[in-house]
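S.K.: What follows is a single structure, and I will ask about it in a moment.
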Amino acid sequence: MKSRRTTESTASPPTASASAMGMNSGAGNGAAQDALKKRMGGGTWTVAAGDTLSRIASRRYGNAALWETIRDSNPDRVQDGGRLIYVGTELDIPEVDVPQPAAGVSGAAGTSGAAAAPPVAVDPIGECPAQLPDARVTAFGTFEVYPDDYEGLLPRSHDGVQMVRQARFLELEIEAETATVNPDIDALAEDMSFATPETVVIAGEQVRVASKAEAQHVAQMFKEIKEVYGIHVDSQAGVDAVKARYDKVPATEIEKLRTKEWEYKEVLALHSALGHFAPLLDTQVNRGVRSVSKVHQSINENEADGHVDRKTMGEYFGNTDNVSIFTAGTESTTDFEDNQTQLEATAIHELAHGLMEKEVTGYWQATGYWKNATTPVKDVRNAEEPLTTYGHTNASEDLSEATMFYFTAPDTLSYSCPLRYAYIDRVVTGWSKQPDAR
Ligand SMILES: [Zn+2]
């Protein structure tokens, strides 16, 4: 069974379809009616300070009353029924047919049925100005801090500013306070210009960092992954795992396999992904993940004509309990428009293969789509379908995909796949209640 994810095999999660707000209701057919509507919207809008959904609707549709269309098209990005949006959030602006005022239509008003769209009272719900996240500049980075109950995806990290929730920010502060200054990195930093990201060696791994603070943070994260989670960050282990799995591939291809330096953002993502599984991880028990690696490329298939591929983002190797992530995922936004979330999600998916394998049977039995671990039931029409295209591969991939959304976009999962959400929620809640149970 393949346990890989590629940049092209996973469809985007379903999103709520754009509502045209009843604009088609009562539409008589005929050109006269059509002439009074104009196709408007399309593309995106990045929320600026002072924006409200009504104002955005007014700018893009010429009609503030259409704010609900924008709200309904962005269920993961607006909160509190549209009262709350955040500066920097990128909103989808669906194309809709907007009724146009009859001005300019020849003939006196009232002589035909074609009147201007009636003025619509703007619901004040859309009139709450966008909030600014709390900006924090620290020795360990620059952040925009969102409340813990901020629903859905955080805006894209950009220009070195990282988007985090309050709880995560507090964790980072504690980490930074307790980080013992690594004398090797201090010495290293003397020689670094940091004009651009530089590759340094931290705990035996090549890592690209843009500042001494990032290097220290990476050292701290590697230390925690090893000492608290009992997992080795060891990229050569990933190369060895690929070689062991793809043993029919010619040596000329195998020779091309090599480790790849970590990007700082990839270490952040891996560390966050592991954090979701923290109650399952300790140094004493074999849990199905013993090492994590950054490898340049995997192999496409274990055949005599197999070759290195450029699409696999991550892969779990059960033979050596290794999770590897690959260069194909470094800039990916396959499932999530925010690359940082994508990186974390890919790591969660692969970790779930190793850490939640014993849940696969209970999962497919509870969710009704699968007849067994690999075959769907005969009639899937009434079954809850896997969330993503790739989740249709088999029950194990289905569980890894759903777990990835459970931790990064829980609203999307609970909305589209309530049975899947409920099953994983029960499992995860069990971890925290019984930290010794495995
Ligand atoms: Zn997988």
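S.K.: For segment 341-373, how many residues are without any contact (Cβ under 8 Å) to a residue 60 or more places away in the chain and away from the ligand (no atom under 12 Å from the Cβ)?
M.R.: 13
S.K.: Could you list, in sequence order, the residues of segment 221-237 that are touching a residue at least 40 places away in the same chain (Cβ under 8 Å) and within 26 Å of the chain's Cα centre (by Cα)? Give the derivation first.
M.R.: Just the residues of segment 221-237 that are touching a residue at least 40 places away in the same chain (Cβ under 8 Å), to begin with: 221-222, 224-225, 227-237.
Correct list: 221, 222, 224, 225, 228, 229, 230, 231, 232, 233, 234, 235.
S.K.: Ok, one more. Of the residues that make up segment 238-253, is at least one over 25 Å from residue 201 (Cβ atoms), aliphatic (A, V, I, L, M), without any contact (Cβ under 8 Å) to a residue 12 or more places away in the chain and outside any loop (DSSP other than H, G, I, E, B)?
M.R.: Within segment 238-253, the subset over 25 Å from residue 201 (Cβ atoms) is 244-253.
Now drop any that are not aliphatic (A, V, I, L, M), which leaves 244, 249, 251.
Applying the additional criterion that residues be without any contact (Cβ under 8 Å) to a residue 12 or more places away in the chain yields 251.
Subsequent filtering for residues that are outside any loop (DSSP other than H, G, I, E, B) retains 251.
So far as segment 238-253 goes, yes, one or more of its residues are over 25 Å from residue 201 (Cβ atoms), aliphatic (A, V, I, L, M), without any contact (Cβ under 8 Å) to a residue 12 or more places away in the chain and outside any loop (DSSP other than H, G, I, E, B).
S.K.: Right, residue 120: at pLDDT below 55 and farther than 18 Å from residue 79 by Cβ or not?
M.R.: Details: at pLDDT below 55: yes; farther than 18 Å from residue 79 by Cβ: yes.
Yes; evaluated as a whole, the condition is true for this residue.
S.K.: Quick check: anything in segment 279-299 assigned to a helix (DSSP H, G or I) and within 29 Å of residue 336 (Cα to Cα)?
M.R.: To start, the set of residues in segment 279-299 that are assigned to a helix (DSSP H, G or I) comprises 279-280.
Imposing the further condition that a residue be within 29 Å of residue 336 (Cα to Cα) reduces the set to 279-280.
Yes: segment 279-299 contains one or more residues that are assigned to a helix (DSSP H, G or I) and within 29 Å of residue 336 (Cα to Cα).
Residues are listed down the side, and each one gets a yes or a no for (1) surrounded by fewer than 22 Cβ atoms within 10 Å (Cβ to Cβ); (2) under 22 Å from residue 317 (Cα atoms):
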{"residue": "338", "(1), (2)": "yes, no"}
{"residue": "343", "(1), (2)": "no, yes"}
{"residue": "374", "(1), (2)": "yes, yes"}
{"residue": "410", "(1), (2)": "yes, no"}
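S.K.: Looking at 395, 402, can you tell me which residue is surrounded by 22 or more Cβ atoms within 10 Å (Cβ to Cβ) and touching a Cys at 6+ places or on another chain (Cβ under 7 Å)? Quick ask: steps written out before the conclusion?
M.R.: Details: 395 fails: touching a Cys at 6+ places or on another chain (Cβ under 7 Å).
Only one candidate qualifies: 402.
S.K.: For segment 392-423, how many residues meet the condition of being within 16 Å of the ligand (Cβ to nearest atom) and free of Cβ contacts under 8 Å to residues at least 60 places away in the same chain? Lay out the reasoning, then the answer.
M.R.: Let us first name the residues in segment 392-423 that are within 16 Å of the ligand (Cβ to nearest atom), namely 392-408, 420.
Retained after the next criterion (residues that are free of Cβ contacts under 8 Å to residues at least 60 places away in the same chain): 392, 395, 398-399, 402-403, 406, 420.
Looking only at that region, the number is 8.
S.K.: Please pick out the residue among 218, 201, 207 that is within 23 Å of residue 172 (Cβ to Cβ) and not in a helix (DSSP H, G or I).
M.R.: 207
S.K.: In segment 300-316, what residues are assigned to a strand (DSSP E or B) and either within 16 Å of the ligand (Cβ to nearest atom) or surrounded by fewer than 18 Cβ atoms within 10 Å (Cβ to Cβ) (or both)? Spell out the reasoning first.
M.R.: Here is the first cut: in segment 300-316, the residues assigned to a strand (DSSP E or B) are 308, 312-316.
Listed by number, the residues that qualify are 312, 313, 314, 315, 316.
S.K.: Name the helices (runs of 4 or more DSSP H) wholly within segment 317-408 that hold at least 2 residues that are modelled with pLDDT of 95 or more, over 12 Å from the mean Cα position of the chain (by Cα) and in the same structural domain as residue 296 (by TED's automatic domain parsing)?
M.R.: On the way: elements: 339-355, 360-367, 395-408.
Of the helices (runs of 4 or more DSSP H) lying wholly inside segment 317-408, those with at least 2 residues that are modelled with pLDDT of 95 or more, over 12 Å from the mean Cα position of the chain (by Cα) and in the same structural domain as residue 296 (by TED's automatic domain parsing) span 339-355.
S.K.: Of all helices (runs of 4 or more DSSP H) completely enclosed by segment 1-88, which ones contain at least 2 residues that are at pLDDT 85 or above and farther than 30 Å from residue 373 by Cβ? Explain how you work it out, then say what you get.
M.R.: Numbers: elements: 31-35, 53-61, 67-73.
Passing ranges, in order: 53-61, 67-73.
S.K.: Right, here's the next one. State whether one or more residues within segment 331-340 are within 15 Å of the ligand (Cβ to nearest atom) and among the polar types (S, T, N, Q). Explain how you work it out, then say what you get.
M.R.: Let us first name the residues in segment 331-340 that are within 15 Å of the ligand (Cβ to nearest atom), namely 332, 334-335.
Okay, now just the ones that are also among the polar types (S, T, N, Q), so 332, 334.
Yes, there is a match, as at least one residue in segment 331-340 is within 15 Å of the ligand (Cβ to nearest atom) and among the polar types (S, T, N, Q).
S.K.: Can you pull out every residue in segment 352-365 that is of a type outside the set (S, T, N, Q) and loosely packed, with under 15 Cβ neighbours inside 10 Å? Explain how you work it out, then say what you get.
M.R.: Just the residues of segment 352-365 that are of a type outside the set (S, T, N, Q), to begin with: 352-360, 362-364.
Scanning segment 352-365 gives 358, 362.
S.K.: Here's a follow-up. Which members of segment 240-284 meet the condition of being buried (at least 20 other Cβ atoms within 10 Å of the Cβ) and polar (S, T, N, Q)?
M.R.: Selection gives 272 alone.
The values are calculated or read from the model by the stated rules, or taken from the named source; none is laboratory data. This is a predicted model, so every value here is computed, not measured. Virtual Cβ from ideal backbone geometry, glycine too; neighbours counted across all protein chains shown.
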